[in-house]
Amino acid sequence: NAGVMQNPRHLVRRRGQEARLRCSPMKGHSHVYWYRQLPEEGLKFMVYLQKENIIDESGMPKERFSAEFPKEGPSILRIQQVVRGDSAAYFCASSGANEKLFFGSGTQLSVL
Amino acid sequence: GQQLNQSPQSMFIQEGEDVSMNCTSSSIFNTWLWYKQDPGEGPVLLIALYKAGELTSNGRLTAQFGITRKDSFLNISASIPSDVGIYFCAGHGSSNTGKLIFGQGTTLQVKP
C-alpha cells in the first residue's frame, strides 16, 4: 500500500524555465494539498484540490504558479518562468474524509 | 490569517529526559495534529486530536487538545536518539476548507 508518491525528488532548473512537480495521492484519497517549505521554516499552504476541482488556492502566488488534479493521473504543480526565489522543498499531501494529511517525501527545486 | 505559535524553537536534551513542546493560537482550531520531519523527508503524522480536552498517547508520545481550542502540547517521555528531528504542530482552522496551518517547528536534538 504505497504512500504519497512525489517525483522527481530533486529538480534543477535555470531561471526562466518551467518546473513540473508530480504527486500521486495514497490509494483511496481524493484530496490533494501542496505546501512549500523554505530552509528552517514551517510548511506554507499553497493549494487544495479535489478531483478536477481547485477548492482553495489562497496560498498560491498570483502569477506563474498553477495546479491541477485531473480525473486520471497525478496532481501537477507547475511553475512557469522560475526565479531563484522559487527554490524550496515542495510537499504534496493527500487525505481521505477524516482530514488526516499524509505527506510525500517532497521535491527539492533548485533554480540556478 | 490564522497562525500557530510553536515553542520552544529548539531543544537540546540528554537521552532519557522528558520533553515538552506547545503550540498556541489567538483563534480557535477544530483539530490539532502533531508531525515529525526528518532531514530531506516529508512530515510524518504522530498524533491527531479532534475534541477539546482530548488527551491521546502514541507510545512514548502524549498530546492534548486544549480546552479553549486555542492550544495543544506534545510530550515525549524517556527520549532516545532517534527522536531527533523537527516537530510541527498543525491545525485545521474555523474555515474548514481542509487547509492545514503549520507552526514554525521545534528542533529537537538528543545527546546520547
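The values are calculated or read from the model by the stated rules, or taken from the named source; none is laboratory data. Everything numeric here is computed off the predicted structure, so don't read it as measured data. FYI the Cβ positions are ideal-geometry reconstructions off the backbone, even for glycines, and counts take in every protein chain you see. In case anyone asks, the SASA skips ligands and DNA or RNA and just uses the protein heavy atoms, side chains included. Shrake-Rupley method; radii C 1.70, N 1.55, O 1.52, S 1.80 Å.
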Quiz item: What is the number of the single condition among (1) more than 8 Å from chain B (Cβ to nearest Cβ); (2) out of contact with any His (no Cβ under 6 Å at 6 or more places or on another chain) that A:Q50 does not meet?
Solution: (2)
Quiz item: Which numbered condition trips up A:S95, out of (1) within 19 Å of A:Q37 (Cβ to Cβ); (2) surrounded by 12 or more Cβ atoms within 10 Å (Cβ to Cβ); (3) touching a Lys or Arg at 6+ places or on another chain (Cβ under 9 Å)?
Solution: (3)
Quiz item: Limited to segment A:56-85, what total is found for residues that are outside any loop (DSSP other than H, G, I, E, B) and under 14 Å from the mean Cα position of the chain (by Cα)?
Solution: 10
Quiz prompt | Yes/no for A:P74 being surrounded by fewer than 13 Cβ atoms within 10 Å (Cβ to Cβ) and either touching a strand residue (DSSP E or B) at 6+ places or on another chain (Cβ under 7 Å) or away from chain B (no Cβ under 14 Å) (or both) | solution = no
Practice problem: Collect the residues in segment A:27-36 that are facing chain B (nearest Cβ under 10 Å) and surrounded by fewer than 21 Cβ atoms within 10 Å (Cβ to Cβ), keeping them in residue-number order. | Solution: A:H31
Practice problem: List the strands (runs of 3 or more DSSP E) that sit entirely inside chain B and contain at least 3 residues that are open to solvent by 10 Å² or more (accessible area, probe 1.4 Å) and within 12 Å of another protein chain (Cβ to nearest Cβ). | Solution: B:29-37, B:44-49
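Please go through segment A:91-106 and pick out each residue that is more than 10 Å from chain B (Cβ to nearest Cβ) and either touching a residue at least 40 places away in the same chain (Cβ under 8 Å) or within 14 Å of A:L11 (Cα to Cα) (or both). First the steps, then the outcome.
So in segment A:91-106, the residues more than 10 Å from chain B (Cβ to nearest Cβ) come out as A:94, A:96-97.
The answer is A:S94, A:G96.
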Quiz prompt | Residue count, segment A:13-37 (criterion: closer than 16 Å to A:R78 by Cα, out of contact with any Ser or Thr (no Cβ under 9 Å at 6 or more places or on another chain) and not polar (S, T, N, Q)) | solution = 7
Practice problem: Only residues in segment B:66-92 that are closer than 28 Å to B:G16 by Cβ and among the aliphatic types (A, V, I, L, M) count as the first member; pair them with residues that are open to solvent by less than 10 Å² (accessible area, probe 1.4 Å) and in a loop (DSSP other than H, G, I, E, B), Cβ under 6 angstrom, at least 6 apart or cross-chain, and list the lot. | Solution: B:I86/B:G105
Quiz item: Out of curiosity, is A:K44 open to solvent by 40 Å² or more (accessible area, probe 1.4 Å) and not in a loop (DSSP other than H, G, I, E, B)?
Solution: yes
Practice problem: Go through (1) of a type in the set (D, E); (2) within 27 Å of B:Q6 (Cα to Cα); (3) exposed (fewer than 13 other Cβ atoms within 10 Å of the Cβ) one by one and return the number of the condition A:D86 breaks. | Solution: (3)
